[in-house]
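Remarks on the structure that follows.
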Amino acid sequence: MMTGLYVVISTGNLVKKLVGIGLFQTSVFQLYISLSKVRGAQPPIIEKPAKYGDAVKSAGEKSAETVTDLLAKIPEVTALDPASVYDPLMGVAYSNPLPHVLILTAIVVGVATLAVGLALVVRIREAYGTIEEDAIDDAEYKAEVNAS
Amino acid sequence: MEMSFPIDIFVIIDLILISMLLVVGISIVRLNNLFVIVMLYGVYSLLAATWFVSLDAVDVAFTEAAVGAGISTVLMLGAMLLTSREAKPTTPIRRWGSLLIVGVTGIALIYATFDMPAFGDPNSPANSYVGLMYLKATITDISIPNVVTAILASYRGFDTFGEVVVVLTAGLGVMLILGIDSRRSRSGEVEDTGESAEDANEPPAVKETTKQIDALNHHIVLQVVAKMLIPIIILYALYVHFHGDYGPGGGFQAGVIFASAIILYSLIFGMDQTRRAIPPKLVQFGSALGVLIYGGTGVITILMGGKFLDYNMLDQSDTIHAQHMGILMIEVGVLVTVASVMLSIYYGFAGRYRQLKDQNW
């Protein structure tokens, strides 16, 4: 994470700066995902348990009643009993899926914003002929001096 | 899945991956050749994706590999070609100054990590409440194995709708800044060669030269292999999309993979042919269409008497089936928007190459 921040601050080159932002961003993703890890757990893709098939079958054949019945059977979700926290489903632990969702969409949004940034850099290059900050500053300064 | 190793082998794998990430990051800092930097960024993304697999985040790993290592690298290479290949080395004052700032921030962050729950703790606050609730409710509410897809498309459908709109907005931004079809753009300063006036029916001579610039059309092997690969890639994208309920995958990943197939086509056969196969107008239309499908699903559920994106209304006698339908519909919306936006961004960058002159670099 810090290397990304370092690149953003230290370099004057705009493309390299964007790479730095990308590094920074990916590192933040890693922080989030590492929080969601549960030791010895599986990816949050539920192994097809008997319950799963039953739920589909019963819901398909009978009516919504069955689903409500099943819902009633779920233990209190906010119960924080350490031994049973990840157990009551089917005895298998799964990693926390919520950060995965957040980061998944963040990655796609990240590349979209990156593209906007790169597009701006390309236009800056066309306008100033350079993508180094100090050179752009010089050009701006000269233009202002000439104008006044 | 209890670990029986005395030393957790996954910890070793994690440590190796983290140290590789660190090495790549530091090399990016030290280098000045932009081409190498961009390629190393791709490596960094790929390593991060590997680590995400080790952290059980298979969906995220999939997205990171497709987006971070794939599309981002292509876009950065494109921007680099349009700008410059070397970065100026930084001045010593700036280097030490920023090292100081970064060092202080880093120490603060490391101090903050002492308050964080232990790695892999199942009872940490982050892992206890909402995520656990989603895990349990998914089985009975939606009944699809991939909980990530269930949360993404159903429980948090609002968020995802927002993300799709953000992607669309970014695509619009790139279109506005660069122009999706720059042959017809009106920024006359760069393209004063008369090429801008020509439409699709340009003289064959001009077409021939542009083709030679941006197409690898003298590589027979590449063409044949690409022709075999592209249908498979598109098929794979559709598999990833429709199998997203059961395994890792979904609209976001499928859209990016789909776009990468088209980008491969344009790399091998040239932009002109790609524009003929998939006109920029279609891409523009698709970007908006996807959001329309997504939002339209929400409006349909309102019209059927429910709330926005309340899929249960789609089939009240069988809510699980209704949830499946709703998820599939909005995932189609996501697929169309993401694929179209990625393509429009690519068109925006690729359309500029023809304006490059040799003396520019």
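Would you mind finding the one in B:Gly78, B:Gly103 that is small (Gly, Ala, Ser), surrounded by 14 or more Cβ atoms within 10 Å (Cβ to Cβ) and either at the interface with chain A (Cβ under 7 Å from one of its Cβ atoms) or closer than 21 Å to A:Leu18 by Cα (or both)?
From the options B:Gly78, B:Gly103, the qualifying one is B:Gly78.
Exactly one of (1) crowded, with 23+ Cβ neighbours inside 10 Å; (2) away from every other protein chain (no Cβ under 14 Å); (3) aromatic (Phe, Trp, Tyr) is unmet by B:Phe269. Its number?
It is condition (1) that B:Phe269 fails.
Residues in the stretch B:21-47 that are hydrophobic (A, V, I, L, M, F, W, C) and in contact with a Phe, Trp or Tyr (Cβ under 7 Å, 6 or more places away or on another chain): how many? Give the derivation first.
Taking the stretch B:21-47 first, the residues hydrophobic (A, V, I, L, M, F, W, C) are B:21-24, B:26, B:28-29, B:31, B:34-40, B:43, B:46-47.
Adding the requirement that they be in contact with a Phe, Trp or Tyr (Cβ under 7 Å, 6 or more places away or on another chain) leaves B:21, B:24, B:28-29.
Matching residues across the stretch B:21-47 total 4.
Conditions: (1) out of contact with any strand residue (DSSP E or B) (no Cβ under 7 Å at 6 or more places or on another chain); (2) surrounded by fewer than 24 Cβ atoms within 10 Å (Cβ to Cβ). B:Asp245 meets all but one. Number of the miss?
Among (1) out of contact with any strand residue (DSSP E or B) (no Cβ under 7 Å at 6 or more places or on another chain); (2) surrounded by fewer than 24 Cβ atoms within 10 Å (Cβ to Cβ), B:Asp245 violates only (1).
Can you tell which of B:Gly97, B:Gly106 is assigned to a helix (DSSP H, G or I), under 30 Å from the mean Cα position of the chain (by Cα) and at pLDDT 75 or above? Working first, answer last.
Values: B:Gly97 fails: under 30 Å from the mean Cα position of the chain (by Cα).
B:Gly106 is the lone residue from the list that is assigned to a helix (DSSP H, G or I), under 30 Å from the mean Cα position of the chain (by Cα) and at pLDDT 75 or above.
Name the residue, out of B:Thr91, B:Thr50, that is surrounded by fewer than 22 Cβ atoms within 10 Å (Cβ to Cβ), more than 9 Å from chain A (Cβ to nearest Cβ) and either in contact (Cβ under 8 Å) with a residue 60 or more places away in the chain or more than 19 Å from A:Leu114 (Cβ to Cβ) (or both). Give the derivation first.
Numbers: B:Thr91 fails: more than 9 Å from chain A (Cβ to nearest Cβ).
Going through B:Thr91, B:Thr50 in turn, just one is surrounded by fewer than 22 Cβ atoms within 10 Å (Cβ to Cβ), more than 9 Å from chain A (Cβ to nearest Cβ) and either in contact (Cβ under 8 Å) with a residue 60 or more places away in the chain or more than 19 Å from A:Leu114 (Cβ to Cβ) (or both): B:Thr50.
Search the stretch B:132-149 for residues that are at the interface with another protein chain (Cβ under 7 Å from one of its Cβ atoms) and without any contact (Cβ under 8 Å) to a residue 12 or more places away in the chain and pair each with any residue that is part of a helix (DSSP H, G or I) and of a type outside the set (S, T, N, Q) when their beta-carbon atoms are under 7 Å apart and the residues are at least 6 apart or on different chains.
Sorted first by the residue in the stretch B:132-149, then by its partner, the pairs are B:Ile139/A:Lys51; B:Ile139/A:Tyr52; B:Ile139/A:Ala55; B:Thr140/A:Ala55; B:Thr140/A:Val67; B:Thr140/A:Leu70; B:Thr140/A:Leu71.
Considering only residues that are more than 7 Å from chain B (Cβ to nearest Cβ) and closer than 21 Å to B:Ser317 by Cβ, look in the stretch A:7-66 and name the one that is modelled with the lowest pLDDT.
A:Lys62
Can you find even one residue in the stretch B:276-283 that is away from every other protein chain (no Cβ under 14 Å), of a type outside the set (Phe, Trp, Tyr), over 22 Å from B:Val167 (Cβ atoms) and touching a Lys or Arg at 6+ places or on another chain (Cβ under 8 Å)?
No, every residue in the stretch B:276-283 fails to be away from every other protein chain (no Cβ under 14 Å), of a type outside the set (Phe, Trp, Tyr), over 22 Å from B:Val167 (Cβ atoms) and touching a Lys or Arg at 6+ places or on another chain (Cβ under 8 Å).
Can you list residue pairs whose Cβ atoms sit under 7 Å apart, with the first residue in the stretch A:119-148 being within 19 Å of B:Gly179 (Cα to Cα) and the second being not in a helix (DSSP H, G or I)? Count only pairs 6 or more apart in sequence or on different chains.
Qualifying pairs under 7 Å: A:Val121/A:Ile131; A:Val121/B:Thr83; A:Val122/B:Thr83; A:Val122/B:Arg352; A:Ile124/A:Ile131; A:Arg125/A:Ile131; A:Arg125/B:Thr83; A:Glu126/B:Val190.
May I ask you to list the residues in the stretch B:53-70 that are at the interface with chain A (Cβ under 7 Å from one of its Cβ atoms) and surrounded by fewer than 24 Cβ atoms within 10 Å (Cβ to Cβ)?
Here is the first cut: in the stretch B:53-70, the ones at the interface with chain A (Cβ under 7 Å from one of its Cβ atoms) are B:55-60, B:63-64, B:67-68.
Once the filter is applied, which keeps residues that are at the interface with chain A (Cβ under 7 Å from one of its Cβ atoms) and surrounded by fewer than 24 Cβ atoms within 10 Å (Cβ to Cβ), the stretch B:53-70 yields only B:Val58.
Does B:Gly131 fit the bill of being modelled with pLDDT of 75 or more and closer than 30 Å to B:Ala339 by Cα?
Working: modelled with pLDDT of 75 or more: no; closer than 30 Å to B:Ala339 by Cα: yes.
No, not satisfied.
Which residue, of B:Ala65, B:Ala61, B:Ala108, is in contact (Cβ under 8 Å) with a residue 12 or more places away in the chain and more than 16 Å from A:Lys37 (Cα to Cα)? Show your work before the answer.
Values: B:Ala61 fails: more than 16 Å from A:Lys37 (Cα to Cα); B:Ala108 fails: in contact (Cβ under 8 Å) with a residue 12 or more places away in the chain.
Exactly one residue qualifies, and that residue is B:Ala65.
With the stretch B:144-236 as the region, which helices (runs of 4 or more DSSP H) entirely inside it contain at least 1 residues that are under 26 Å from B:Val341 (Cα atoms) and at pLDDT below 75? Quick ask: steps written out before the conclusion?
Working: elements: B:147-150, B:157-178, B:204-214.
So the answer is B:204-214.
Can you tell me which of (1) more than 19 Å from A:Ser27 (Cβ to Cβ); (2) in contact with a Leu (Cβ under 7 Å, 6 or more places away or on another chain); (3) more than 7 Å from chain A (Cβ to nearest Cβ) is the one B:Ala118 doesn't meet?
(2)
Any residue in the stretch A:77-95 that is at pLDDT 50 or above, in contact with a Gly (Cβ under 6 Å, 6 or more places away or on another chain) and surrounded by 15 or more Cβ atoms within 10 Å (Cβ to Cβ)?
Checked against the condition, which is being at pLDDT 50 or above, in contact with a Gly (Cβ under 6 Å, 6 or more places away or on another chain) and surrounded by 15 or more Cβ atoms within 10 Å (Cβ to Cβ), the stretch A:77-95 yields no hits at all.
Considering each residue of the stretch B:273-321, count those that are among the charged types (D, E, K, R), crowded, with 18+ Cβ neighbours inside 10 Å and in a helix (DSSP H, G or I), and give that number.
1
The values are calculated or read from the model by the stated rules, or taken from the named source; none is laboratory data. This structure is a prediction, so every number in the text was calculated from the model and none was measured. Glycine also receives a Cβ, built like all others from the backbone with ideal geometry; neighbour counts cover every protein chain displayed.
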